[in-house]
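Chemist: The structure is given below, and queries will be raised subsequently.
The values are calculated or read from the model by the stated rules, or taken from the named source; none is laboratory data. Because the structure is predicted, anything quoted here is derived from the model rather than measured. Backbone-built Cβ (ideal geometry, glycine too); neighbour counts: all protein chains shown. For accessibility, only protein heavy atoms count, side chains too; no ligands or nucleic acids. Shrake-Rupley method; radii C 1.70, N 1.55, O 1.52, S 1.80 Å.
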Amino acid sequence: MEMKFSKNDFIACCGSTKFAEYMIADGPYASYEKAVAAANYIWFNKVDVNGWLEAFGGHPQIGQNPSSSPAHNISSTSAQWSKGEQSTALATATDSTLQELYEWNSRYKQKFGHVFLICASGRSTPEILSELKRRFSNRPIVEFEIAAGEQMKITELRLQKLFSNVEVSASTRVQSTASDVTKVEGRVAILGGHLTAPSIASDAKLSAATTRARPPITTHILDVARGCPASGVEVLLEMYNAIQPGPVFGGSDKDKWITQGSSTTDKDGRSGQLMKVVNDLSPGVYRISFNTGKYNPNCFFPYVSIVFEVKESQKTEHFHVPLLLSPFSFSTYRGS
């Protein structure tokens, strides 16, 4: 049975009006899992920077009573959920740690321009403080993307609550069976977080052919010198020929790489689809290359290649390889 929700329901889950509108247009959803897949695709591919900031603004500061928050777009449902999500933090807080949390929250907002966002469910105040201090040293553009990932974790938790409420309501009208209860409990256990995903041109509803909402390997390029996404960068994804020994540092292996896909980054610095959406990624060594010299002729690097290995035990994981680029340096890290 497909479940229909209102725009306000989805705003309570995320806080972004655009997100809610896209979810309504893509729905209704037959299950929590399909709603989560759609939410991830929409959040990371369709919602723009303003939508992300609107969602961030729908959260009170950690340790603050949601009902007293000055944020203009906190609904009563969102405030109630936020209070529950922060229950562990509040239960483990002392006057001194709350004061320290308040001070660090203020410093964070002054540096980054938005509240410190973290999926606080089940986390103690000392844990949250430690993470806040660790992330405070991040570059703003890196922290912005991390905060977006935390927002999606929160959205997934709240979507679960939304579906659970509907199912509980339905159970008052029909007799519940043991198998029905098992299904509901199974949905509660399915949670996950994603940082980013590539742009995909189609606006059609998501296919149910796979359990993934995006390809297993994605990338995102940020121009840290200009403080904006790097658009128009050519990206190439290759896989090392599985019948050959693995690549060796300093070895000549240019004929042993098999192209998986190529694309060019869009205005948000995200590449198009570099490979098919598959449930299981083939284990092996992959290389993702960026034509940085064409993007910036003054760049020290004519191109940048990142080589990484996917183990057999990792074939169901998602590999996100963002590139932080400046004319004379670059850095990367593995996102989720």
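Chemist: If I filter region 119-131 for residues that are among the hydrophobic types (A, V, I, L, M, F, W, C), within 19 Å of Cys13 (Cα to Cα) and in contact with a Pro (Cβ under 8 Å, 6 or more places away or on another chain), do I get at least one hit?
Modeler: There is no residue in region 119-131 that is among the hydrophobic types (A, V, I, L, M, F, W, C), within 19 Å of Cys13 (Cα to Cα) and in contact with a Pro (Cβ under 8 Å, 6 or more places away or on another chain).
Chemist: Right, next: Do we have any residue at all in region 108-119 that's farther than 30 Å from Asp223 by Cα and open to solvent by less than 30 Å² (accessible area, probe 1.4 Å)?
Modeler: no
Chemist: Any residue that is under 19 Å from Arg226 (Cα atoms), polar (S, T, N, Q) and open to solvent by less than 50 Å² (accessible area, probe 1.4 Å) - is there at least one of those in region 300-323?
Modeler: Within region 300-323, not a single residue is under 19 Å from Arg226 (Cα atoms), polar (S, T, N, Q) and open to solvent by less than 50 Å² (accessible area, probe 1.4 Å).
Chemist: Which one of these does Pro297 not meet: (1) outside any loop (DSSP other than H, G, I, E, B); (2) out of contact with any helix residue (DSSP H, G or I) (no Cβ under 9 Å at 6 or more places or on another chain); (3) over 24 Å from Tyr240 (Cα atoms)?
Modeler: (1) is the only condition that Pro297 fails.
Chemist: Is there a residue being buried (at least 20 other Cβ atoms within 10 Å of the Cβ), touching a Ser or Thr at 6+ places or on another chain (Cβ under 8 Å), at pLDDT below 90 and of a type outside the set (Lys, Arg) anywhere in region 121-140?
Modeler: Within region 121-140 (the criterion being buried (at least 20 other Cβ atoms within 10 Å of the Cβ), touching a Ser or Thr at 6+ places or on another chain (Cβ under 8 Å), at pLDDT below 90 and of a type outside the set (Lys, Arg)), the answer is yes, since at least one residue qualifies.
Chemist: If you don't mind, there's one more thing I want to ask. Do we have Met239 as open to solvent by less than 30 Å² (accessible area, probe 1.4 Å), among the aliphatic types (A, V, I, L, M), at pLDDT below 90 and touching a strand residue (DSSP E or B) at 6+ places or on another chain (Cβ under 8 Å) here?
Modeler: no
Chemist: Turning to a different aspect of this structure: Any idea which of Asp268, Asp255 is more than 22 Å from Ala30 (Cβ to Cβ), at pLDDT 70 or above and part of a helix (DSSP H, G or I)?
Modeler: Exactly one residue qualifies, and that residue is Asp255.
Chemist: Here's another thing I want to ask about it. Can Val310 be described as within 25 Å of Gly149 (Cβ to Cβ), more than 24 Å from the chain's Cα centre (by Cα) and modelled with pLDDT of 85 or more?
Modeler: no
Chemist: A further question on this structure: Please verify whether region 196-211 includes one or more residues that are in contact with a strand residue (DSSP E or B) (Cβ under 9 Å, 6 or more places away or on another chain), under 27 Å from Ala30 (Cα atoms), at pLDDT below 85 and open to solvent by 20 Å² or more (accessible area, probe 1.4 Å).
Modeler: Yes, region 196-211 contains a residue that is in contact with a strand residue (DSSP E or B) (Cβ under 9 Å, 6 or more places away or on another chain), under 27 Å from Ala30 (Cα atoms), at pLDDT below 85 and open to solvent by 20 Å² or more (accessible area, probe 1.4 Å).
Chemist: Working only within region 300-330, note down all residues that are part of a loop (DSSP other than H, G, I, E, B) and polar (S, T, N, Q).
Modeler: Thr316
Chemist: Pairs please, first residue from region 216-230 and open to solvent by less than 10 Å² (accessible area, probe 1.4 Å), second anywhere and aromatic (Phe, Trp, Tyr), Cβ atoms under 6 Å, 6+ apart in sequence or on different chains.
Modeler: If the second residue must be aromatic (Phe, Trp, Tyr), the pairs left are Ile217/Phe319.
Chemist: Continuing with this model, one more query. Restricting region 1-15 to residues that are in contact with a strand residue (DSSP E or B) (Cβ under 9 Å, 6 or more places away or on another chain) and part of a loop (DSSP other than H, G, I, E, B), which is least open to solvent (accessible area, probe 1.4 Å)?
Modeler: Ranking the candidates gives Phe5 first.
Chemist: So which residues in region 16-40 are touching an Asp or Glu at 6+ places or on another chain (Cβ under 6 Å), part of a loop (DSSP other than H, G, I, E, B) and crowded, with 17+ Cβ neighbours inside 10 Å?
Modeler: Ser16
Chemist: Name the pairs: first residue in region 270-283 and polar (S, T, N, Q), second residue not in a loop (DSSP other than H, G, I, E, B), Cβ to Cβ under 6 Å, at least 6 apart or on different chains?
Modeler: Hits for this filter: Ser271/Thr219; Ser271/Val235; Ser271/Ser263.
Chemist: Would you be able to say whether some residue in region 271-289 is under 27 Å from Arg226 (Cβ atoms), small (Gly, Ala, Ser) and open to solvent by less than 10 Å² (accessible area, probe 1.4 Å)?
Modeler: Yes: region 271-289 contains one or more residues that are under 27 Å from Arg226 (Cβ atoms), small (Gly, Ala, Ser) and open to solvent by less than 10 Å² (accessible area, probe 1.4 Å).
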